[in-house]
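The values are calculated or read from the model by the stated rules, or taken from the named source; none is laboratory data. What you see is a predicted model; the values in this text were computed from it and never measured. Backbone-built Cβ (ideal geometry, glycine too); neighbour counts: all protein chains shown. Heavy atoms of the whole protein, side chains included, go into the accessibility calculation; ligands, DNA and RNA do not. Shrake-Rupley method; radii C 1.70, N 1.55, O 1.52, S 1.80 Å.
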Amino acid sequence: MDHFIYRDGALYAEDVALAEIAAAVGTPFYCYSDATLTRHFRLFQEALAGLDHLICYAVKANSNLAVLRTLGALGAGMDVVSGGEYRRARAAGVPGERIVFSGVGKTREEMRHALEHGIRQFNVESEPELQALSEVATSMGATAPICLRLNPDVDAGTHEKIATGRKEDKFGVPIARAREIYAQAARLPGLQVVGADMHIGSQLTDLAPFEAAYTKLAELTRTLRADGHQIIRLDLGGGLGIPYTRSNETPPLPLEYGALVQRIFGDMEVEIEIEPGRLIVGNAGVLVSQVIYAKAGEGRDFLILDAAMNDLIRPAMYGAHHDIVPLREPEAGAALRPFDIVGPVCESGDTFAKARPMPPLTAGDLVAFRSAGAYGAVMASEYNTRPLIPEVMVKGDQFAVIRPRPTFDEMLARDTIPRWL
Ligand code: LLP
């Protein structure tokens, strides 16, 4: 459920008409709903109620400081994968002891910065990384709390590009070698083993892969404890999927996911962390765009929008589906007509949807891409020298620009001409 609904024939974000925001900030823009963000975060809290837990929001899904501050104020921890994301989490007011540092290629500089400014744990993904972290921590006279990220060799059954838990994927250490690598970690100075971590992929629409991976993790935890390691914390990663179409998708609910977690880990006396991104913010955001032209092609009709692949890359990159709806509610029973919905960027990959049945639409009309709050703005680029589009947050009847559209002068001023030119 989200808070983008038609009211009196117009699409609203909570109590603000999206057309009103469009008039104020221009199109295209991203718009997020505070109430939806809050609701989704609370669903996870309810799902894990009774367990000692921390929900570490995956910052990569949407890293705007206003989003992070909203979630941080609700008690969220943060899962970060770069020095930049770490700085964002801290700038949003999240204390170091609630920040988990994940990622397959942390640099020594990033490790040092996090150790200096406070960190809950590093999720370490390889033996060389263990070695590097041990060296950095000892050189600072510090101790780095660590979980090892385990690769369980489980297929998440999701898109090829976002599956992370199979043995051929670059992530984690093979679970079969876990005991040996834990022994190595325990011997290294400057490290303190606190637990274990997994993340098997994103947009999972079935609980079975979670069950397979978590069962392996619970088993391994018993073995590691018997080996004498202190496993006080298990990080279960993120990955729970969301419905991208209104009609026929019913991915498992946080409550069902929580029941699985409770069943597998409930009696293990262990603190549980999860790292959801998409489920919290995905359906809490829309991308609003205007039709520039309706163009009749050869055997097909195009809607050419002012948003493009550089603003929302998911359709071009993963063949992802986003519902696209007009801001003016179509009349009941309005005839639908297929359109190819495209952006102005100069490649055919800049296609959002092919032969998508749409109500009557013409130049000047506004549309909203649904489910655009996760992996939307954060994956945007300035390809074709298109400015990064603004982000807006709505709360009740108020809205605020939480990142303005840059001017062309600002964009051009970032380049410098070498002195020989
Ligand atoms: N934890 C780790 C270590 C991750 O790598 C990820 C996502 C998450 C948590 C959050 O997963 P979520 O709950 O959002 O599924 N750009 C792609 C998704 C990439 C996901 C990468 N890792 C997309 O647009 O579908």
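Data overview
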{"quantity": "Cα-based helix-to-principal-axis angle, 127-140 vs the chain, degrees rounded to 10", "calculated": "80"}
{"quantity": "Pairwise centroid distance, computed over Cα atoms, of segment 211-279 with segment 381-400, Å", "calculated": "34"}
{"quantity": "Anchor LYS395: lysines whose Cα lies under 25 Å away (excluding residues fewer than 8 positions away in-chain)", "calculated": "LYS60"}
{"quantity": "Accessible area of segment 34-280 belonging to carbon and sulfur atoms, whole % at 1.4 Å probe", "calculated": "50"}
{"quantity": "Fraction of antiparallel bridges per DSSP, segment 34-280 only, in percent to nearest 5", "calculated": "5"}
{"quantity": "Euclidean distance of C-alpha centroids, segment 293-362 and segment 10-30, integer Å", "calculated": "19"}
{"quantity": "Cα Rg over Rh - segment 34-280, Kirkwood", "calculated": "0.94"}
{"quantity": "By average C-beta atoms within 10 angstrom, highest first, the peptides 195-208, 348-361", "calculated": "195-208, 348-361"}
{"quantity": "Fraction of antiparallel bridges per DSSP, the chain only, in percent to nearest 5", "calculated": "50"}
{"quantity": "Cubic angstrom per residue, convex hull over Cα atoms of the chain", "calculated": "166"}
{"quantity": "Helix-only mean residue ellipticity at 222 nm for the chain, each DSSP H run of n ≥ 4 adding -39500 (n - 2.57), per residue, nearest 500", "calculated": "-8500 deg cm²/dmol"}
{"quantity": "The chain: angle of helix 34-47 to the longest principal axis, Cα-based, in degrees nearest 10", "calculated": "30"}
{"quantity": "Ranked by how many other beta carbons lie within 10 Å on average, peptides 401-409, 269-277 from highest", "calculated": "269-277, 401-409"}
